[in-house]
Structures are given as C-alpha cells and as structure tokens.
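See below for the structure under consideration.
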Amino acid sequence: MNSICTPKEALVKLEHFCAYQERCHAEVVTKLYSLKMTADEIDSIVVQLIEGNFLNETRFACSFARGKHRMKSWGKIRITNELKARQISSTNITLALKEISANEYETTFNNLAERCWDGIQEKNILKKRKKFCDYLLRRGYESHFVYEKAKEMELK
C-alpha cells in the first residue's frame with residue numbers, strides 16, 4: 001500500500017478485504033497496521049466491521065473448519081491448532097468442529113488413509129507403518145484412529 005490512508009479509506013478497503021473471504025480479527029488488525037493506522041483507529045474500524053457484519057469470528061471459525069477439512073482433509077487436531085494460532089476462542093473452536101459431521105470425518109479419514117497406505121512404496125513394514133502414522137498425525141488426526149487404522153492396513 002502506498003502512503004497513509006484515512007480511517008474512512010481504510011474502512012472501505014477492509015470491507016472489501018472481509019467481503020472477499022472470511023477473516024479473523026488478527027488478520028484484520030495486521031492489515032490495519034500495514035495501512036499505518038493507530039491503535040484507536042484500529043479499534044474503531046474493527047467495531048464498525050463487526051457492526052456491519054463484515055467481521056464475525058464464529059462465522060470465520062466454522063467456514064475455516066469446513067474448508068480445511070473438505071479441501072485439505074485436515075483432522076480436528078490440526079484445525080484446532082490452526083484456529084488457536086489465529087487467536088480464536090475455544091467456544092468458537094468447539095462450534096466450528098461441530099460443522100464436520102462424524103460420518104464425513106470418518107469417510108475423509110478412511111479415504112485419506114487408503115490413499116496414503118497404497119502410495120507408500122516402502123517394503124519394510126515397520127518403516128511403512130511409521131511413514132503412514134506420521135503422515136496422518138501431521139494432518140491432525142487423533143492418534144487412536146491412526147494407530148487402529150495402521151493395524152487394520154497391515155492385516156490387509
């Protein structure tokens with residue numbers, strides 16, 4: 001952004017910024033700092049964005065959880081950690097995780113596990129199992145699901 005803009009210009013820019021895609025408060029505040037706004041101006045603009053329904057942390061959390069699960073096949077642990085990193089409240093995180101049905105979660109997990117297991121070219125079963133478990137744990141799935149699935153895949 002070039003030079004400093006007025007609070008009114010900043011508000012218009014942030015309305016577009018928030019209308020384009022759901023945003024969390026932290027992203028908006030960072031963007032406002034990049035526009036060289038003062039702390040008071042930032043507070044005022046954030047309040048106006050919330051009142052105008054451009055900024056809604058619950059809506060952001062739910063949208064984030066649905067999107068990351070469906071598009072990137074992330075598990076609940078990874079989604080929770082990413083939301084915490086964005087300073088989302090635990091209440092909103094709980095609501096967001098309810099957006100993912102148990103059926104959808106299980107189906108995604110099983111599809112990802114099958115693809116992963118078949119894709120690992122390792123001959124040594126212990127190394128293959130480790131790669132498999134590490135991958136699914138990195139994606140944020142619960143360890144008891146991962147280890148159960150690993151046992152099941154080894155028996156196939």
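General observations
- Local electrostatic count, Gln48, Cβ distance below 15 Å [Lys/Arg +1, Asp/Glu -1]: -2
- In this simple spin-label model, placing a label point 7 Å from the Cα along the Cα-to-Cβ direction at both Glu41 and Glu9 gives a separation of 0.9 nm.
- Within-10-Å neighbourhood charge of Pro7 [Cβ basis; K, R +1; D, E -1]: -2
- For semi-axes √(5λ) of the Cα gyration tensor in Å, the value computed from the atomic coordinates appears in the list [x] 42, 15, 11; [y] 23, 17, 15; [z] 21, 18, 17 under label [x].
- Spatial offset of the range 13-56 relative to the range 105-128 amounts to 42 Å, using the alpha carbon center of each.
- Sequence-ordered 3J(HN,Hα) estimates for the range 135-151 from the Karplus curve with 6.51, -1.76 and 1.60 and θ = phi - 60° stand at 4, 5, 5, 4, 6, x, 8, 5, 4, 5, 5, 4, 5, 4, 5, 4, 4 Hz, glycine and proline given as x.
- Neighbour net charge for Phe17 - beta-carbon separation under 10 angstrom, K R +1, D E -1: +1
Every number in this text was worked out from the coordinates using simple rules, so none of it is lab data. None of the values given here were measured: they were computed from a predicted structure. As a convention, Cβ positions derive from the backbone with ideal geometry for all residues, glycine included, and neighbour counts pool all protein chains shown.
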